[in-house]
Amino acid sequence: MQGKSDFMFEVSWEVCNKVGGIFTVVASKILPMQRFYKARYFAVGPYFPGKTKADVFKEEIPLDFLKDVFEKLLSLGIKCHYGKWITDGDPNTILIDYTNYTHKVNDIKKEFWDRFKIDSWGSKYHDYDEPMLWSYTVGMLLEQLKNKLAGKKIVAQFHEWMSGGGLLYLKSRQIKIGTVFTTHATMLGRTLATNNIDLYGLLDKLNPYEKAYEFGVQTKFLTEKACAHSADVFTTVSEITGLEATHLLGKKPDVLLPNGVDVERFPTFDDASIKHKLFKGKMKKFLMYYFFPYYTFDLDNTLIFFLAGRYEFHDKGIDVFINSLAKLNEEMKKNGTEKTIVAFIWVPTSVKNIKEGIMENRSYFEDIEDSVHDIIEEVNDRIVYGLVGRKDINSEFLLGPTLIKETKKRIARFSKDGNPPVCTHDIYNEDDDPIMKSIKLNNLLNTKEDKVKIIFYPIYLTGADNLLDLTYYEAIMASHLGVFPSYYEPWGYTPMEAGALGIASVTTDLAGFGRYIQKHGITDKNPGIYVLKRHNMPVDKVVDQLTNVFLKFKSLSKQDRIENKLRAKRLADMADWNILIENYIEAHNLAVERNG
């Protein structure tokens, strides 16, 4: 497929400005986008003097055809910065400082009311006005560029309602630029799901206008709706989001634009297997000082499950995860299984500090570790002597009475009564925290008898957090199963990333990625990525499904777990940007055709 436009401008509030998932979407597909547009691809975002640092954006002298355009806009109080977004591909980037155009905000809002009936009365400045003001100036930039590049075909893609002002500016003035509007998650859909409204059960019954005003999101909803109907091509990231848009925005998507991954940036299966062993060693060390002061269990017969993402208790299925773990725990205790499950919840929230007892455990553990390291050569020599000398090799022979006595003192200091904590940190408002309340309600207390241990890890995995000391990807590779039983997930990068790292995972048919891979054939045995049925399914039935997945997974042989890893990797490879970028080019070409 060939691109039909001479220039392509990708417009997003998250260009050089990481706020959420759109940053990842735009940044990760730059290289395949440049395959089609070469140096004619431009990213357009907002300029924040205190935020746009040298490691994010490198400013350069504007290209010749930009200079006159920038000077024209500067005379109107709009300063444009040209340079390179320091990411893969280092794309041409234009960032707009709109702060000196702020006095026009009410005029813009009046214009959008008159032309598109967008009710922005009472909207909050930072919440709506800033993105709309910035995107309006993007429209002005594109208008000037079209005048400068007369005779050239231009396409502009606008991501989410935050960039919608630019699209509406172009359409209200009939500027001959092909426009693509992409909603990654409908504003109203996310709001309803977050407020525990049965979104999918009520899609064809609820009144979108009434609900938008009821929940105070009418301005964003109306902007999104106007953009969907005004764009030459309307797109969403998945079939499930397209279903939302059809009912909530009254517009069926012209093209679906599934999110992809750059497969080449992920390790091969062989490399991932090596790294799994390496990072599992770090994981084991953490588990030893977290649990072993209180009691021990067989780490070689332990599986690591995890859930990761934003703190959206219902939308991300955290409630389902915890409820299923509780059922799994009861089943495993009843059956007397020797296996142990350690389940992490990697969901950041506001924390005070690492629990003092955990840091104390770590200190005592490292003291034991250091003492062993100091005598390791001597012990090696005694092992060799014991073998060739046909001695009775026991702890007394290896360590000697003095070292045994010192070791016993260290172990005694390391040992504690009670149970390990269920959370690594002291967090604010713990009694009202939904995750903590659910863990306690489900009686997941990390007792010795519990076969399922749970660890709420409420900070970002940076690789230097003084606990696991693993990055997010490293922690995934140290695990066995990623669990993402989402209710509201327009796409869902996490199971896709887990698969790309060679780790099996769970998603749902309410996640865009889940529905995508369902169409590519999910095997009953060793599917790699398990897809739960959540569409029009009661929560208790979803919990039962997930519990059954856990029970099956824990019973898999090592070879079956390897087959799951391989299958997960293959499924993730089907979402490679080198494949999915074709959908974007299709949307761009259609916009150029429709714009004449």
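Going by average Cβ density within 10 Å per residue, which order do the peptides 234-243, 385-394 take, highest to lowest?
On the way: 234-243: 24.6, 385-394: 10.4.
In decreasing order of mean packing, 234-243, 385-394 become 234-243, 385-394.
If r is the Cβ-Cβ distance from Ser273 to Asp509 and R0 is 25 Å, what FRET efficiency results, to the nearest 0.05?
Between Ser273 and Asp509 the formula returns 0.25.
If r is the Cβ-Cβ distance from Val19 to Arg594 and R0 is 25 Å, what FRET efficiency results, to the nearest 0.05? The partial results should precede the final answer.
Working: r = 30 Å, r/R0 = 1.22.
That gives a FRET efficiency of 0.25.
Suppose we take every Cα in segment 84-217 and form the convex hull; what volume per residue is that in Å³?
Hull volume normalised by residue count: 162 Å³.
Note down the nm distance, to one decimal, between modelled labels 7 Å out along Cα→Cβ at Thr471 and at Lys280.
So the two model labels end up 2.2 nm from each other.
Say a paramagnetic label sat at a point 7 Å from the Cα of Leu74, along Cα to Cβ; which residues of segment 102-143 have their backbone N under 17 Å from it?
Residues 141 fall inside that zone.
Suppose each label sits 7 Å from its Cα in the direction of the beta carbon; what would the Thr337-Phe215 distance come out to in nanometres?
3.7
Can you give the log10 of the normalised intensity I(q)/I(0) at q = 0.20, 0.21, 0.28 Å⁻¹, computed with Debye over equal Cα scatterers of segment 373-414?
For segment 373-414 at q = 0.20, 0.21, 0.28 Å⁻¹, log10 I(q)/I(0) is -0.64, -0.68, -0.97.
Within segment 280-349, report the GluC sites (Glu not before Pro) that DSSP leaves as loop and that have at most 12 other Cβ atoms within 10 Å.
On the way: sites: Glu312, Glu330, Glu331, Glu338; in loops: Glu312, Glu338.
Listed in order of number, the matching sites are Glu338.
What is the gain in length, in nm to one decimal, between Lys405 and Leu441 on full extension, counting 0.36 nm per residue of separation less the C-alpha to C-alpha distance?
This chain segment gains 8.6 nm when fully extended.
Take the alpha-carbon centre of segment 92-139, take the same for segment 275-340, and report the distance between them in whole Å.
48
With everything on Cα atoms, drop me the angle between helix 356-388 and the longest principal axis of the chain, reported from 0 to 90° to the nearest 10.
Helix 356-388 sits roughly 50 degrees off the main axis of the chain.
When DSSP assigns beta bridges and you keep just the ones with both residues in the chain, what percent turn out antiparallel, to the nearest 5?
Working: 13 of 62 bridges.
Roughly 20 percent of the DSSP beta bridges within the chain come out antiparallel.
Only four residue types carry charge here, +1 at the Cβ of Lys and Arg and -1 at the Cβ of Asp and Glu. Report the dipole size of segment 502-596 about the Cα centre in Debye, rounded to the nearest 20. Write down the numbers at each step before the final one.
Numbers: 15 positive and 11 negative charges, 98 e Å.
Dipole size: approximately 480 debye.
Does anything in segment 408-431 have its amide N under 19 Å from the 7 Å Cα→Cβ label point of Ser395, and if so which residues?
408-417
Would you please state which residues of segment 190-230 a label at His535 would reach in this model, taking the label point 7 Å out along Cα→Cβ and a backbone N cut-off of under 19 Å?
Answer for this model: 190, 193, 198-206.
Among Gln218, Asn335, Pro348, which residue has its Cα positioned farthest towards the positive end of the charge dipole of the chain, with +1 placed on the Cβ of Lys and Arg, -1 on the Cβ of Asp and Glu, and the dipole taken about the Cα centre?
Gln218
Projected onto the charge dipole of the chain (+1 at Lys/Arg Cβ, -1 at Asp/Glu Cβ, origin at the Cα centre), which of Leu63, Gln2, Met162 gives the Cα projection farthest towards the positive end?
Working it through, the farthest residue towards the positive pole turns out to be Gln2.
Counting pairs of alpha carbon atoms under 8 Å apart in space and at least six apart in sequence, what relative contact order in percent does the chain give? Please report the intermediate quantities before stating the final value.
Values: 1053 pairs, mean separation 96.2, N = 596.
Normalised by residue count, the contact order of the chain is 16 percent.
Relative to the longest principal Cα axis of the chain, at what angle does helix 318-335 sit, 0 to 90 degrees, rounded to 10?
20
Using a basic spin-label model with each label point 7 Å from the Cα along Cα→Cβ, how many nm lie between Lys117 and Asp367?
About 7.4 nm, to one decimal.
Mind pulling the angle between the C-alpha long axis of helix 130-148 and the longest principal axis of the chain? Nearest 10 degrees, somewhere in 0 to 90.
That works out to roughly 50 degrees.
So what is the 222 nm mean residue ellipticity for the chain from helices alone, if each DSSP H run of at least 4 adds -39500 (n - 2.57) and you divide by all residues, rounding to the nearest 500 deg cm²/dmol?
The per-residue figure over the chain is -15000 deg cm²/dmol.
Output the antiparallel fraction of DSSP beta bridges having both residues in segment 337-476, as a percent to the nearest 5.
Values: 4 of 10 bridges.
Taking every DSSP beta bridge within segment 337-476, about 40 percent pair in antiparallel fashion.
How much length is gained on full extension from Lys38 to Ser555, taking 0.36 nm per residue of separation minus their Cα-Cα distance?
181.1 nm
Just to verify a number: FRET efficiency for Asp64 and Arg413, C-beta to C-beta distance, R0 = 56 Å, to 0.05?
Here the calculated transfer efficiency is 0.20.
Hand me the trypsin sites (Lys or Arg not before Pro) from segment 85-149 located in a DSSP loop with no more than 11 other Cβ atoms within 10 Å, in residue order please.
Details: sites: Lys104, Lys109, Lys110, Arg115, Lys117, Lys124, Lys146, Lys148; in loops: Lys117, Lys124.
Passing both the DSSP loop test and the Cβ count: Lys117, Lys124.
How big is the dipole moment of the chain about its Cα centre under a simple scheme where the beta carbon of each Lys and Arg is +1, that of each Asp and Glu is -1, and everything else is neutral? Debye, nearest 20, please.
900
Taking the Cα atoms of segment 25-127 alone, what are Rg (to one decimal) and Dmax (as a whole number) in Å?
Cα-based Rg and Dmax for segment 25-127 come out at 16.3, 44 Å.
Show me the GluC sites (Glu not before Pro) within segment 405-496 that DSSP assigns to loop and that have at most 11 other Cβ atoms within 10 Å of their Cβ.
Passing sites in segment 405-496 are Glu449.
Would you kindly give the portion of the calculated P(r) for the chain that falls above 32 Å, as a percent of all Cα pairs?
Value for the chain: 54 percent of Cα pairs lie more than 32 Å apart.
Give the average over all directions of the projected area of the C-alpha convex hull of segment 156-296, one decimal, in nm².
14.0
How much length is gained if the chain between Ile86 and His126 is pulled fully straight, taking 0.36 nm per residue apart and subtracting their Cα-Cα distance, in nm to one decimal?
11.8 nm
Please get the size of the charge dipole for segment 373-414, origin at its Cα centre, with Cβ charges of +1 on Lys and Arg and -1 on Asp and Glu, quoted in debye to the nearest 20.
Values: 8 positive and 7 negative charges, 56 e Å.
For segment 373-414, the charge dipole is close to 260 debye.
The numbers here are math on the coordinates, done by the rules we state, and not lab data. What you are looking at is a predicted structure, and each value in this text was computed from that prediction instead of being measured. Cβ sites come from the backbone with ideal geometry, for glycine too, and all protein chains shown count toward neighbours.
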